[in-house]
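This report refers to the structure that appears directly beneath it.
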Amino acid sequence: MNRQELIEYIDNCIMLGNVVTRDDELYKNLFTYYRSYCENVLDSVFIDGFYVKMDVENKIHLVYYDGGYKELDLGDCIDVIDDYAFAYRYMHHIVRQRLVSIKGESVVYIGVEAFAESSVKEVDFPNVERIGYQCFKSSKVENVKFNKLNYIPNRAFSNSELKSIEGKEVTFLGDAAFSNCKNLQFVKLPNVEDVGFKVFEFSSYQNFQIK
């Protein structure tokens, strides 16, 4: 499915009323375990494990995922991965922990804890411009390369299995961004100008210097 087909599918579902409501099992389950998050799935459209919706700027959001894929290529279909979209959840942990790699050329923003405690090892988002607090915290992610990101927020990769990270546009590292990253060996962030507190605390990488 390409972007235009997805947009048409979303429009048709909205027209027919086929969207997530408070009466749906998904909402009820999320409300039981994750009340602070579950409102986000309201009015989203389901398609093959993905819950998506469009905002007023016509950006397509992936608000929740409970599919069983090992690899995902979002193509040009998704612009925003919302808060907690792939994060570990008790009720779906068996299915969700199958995902190993994900990429998406049109993704520009990844939300708060979007991949926290997830099984994802490989990510490829060449056009991402912003990521949220604790985005990959305690995840299995190993290798990351950012082309357009300029800020890595607090605890973005803390306690993860990160091995390498590159980001030519990154200028600031938030507090404890790579704390307790025991496997971190390669860091290429040549344009960093400022760093927060304890960025590499308890990490295996201790040689970082700002320009």
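The values are calculated or read from the model by the stated rules, or taken from the named source; none is laboratory data. A quick note: this is a predicted structure, and the numbers were derived from the prediction, not measured. Quick reminder, even Gly has a Cβ in these numbers, built from the backbone with ideal geometry, and neighbours come from all protein chains shown.
A few notes on this one:
- Criterion applied to GLU117, GLU166, GLU105, GLU113 was being surrounded by fewer than 18 Cβ atoms within 10 Å (Cβ to Cβ) and within 16 Å of the chain's Cα centre (by Cα), and the one residue passing it is GLU105.
- In the set (1) surrounded by 15 or more Cβ atoms within 10 Å (Cβ to Cβ); (2) within 18 Å of GLN134 (Cα to Cα), LYS182 fails one condition alone, (1).
- Single match in PHE172, PHE157, PHE208, PHE200 (criterion: aromatic (Phe, Trp, Tyr), farther than 19 Å from TYR109 by Cβ and at pLDDT 95 or above): PHE200
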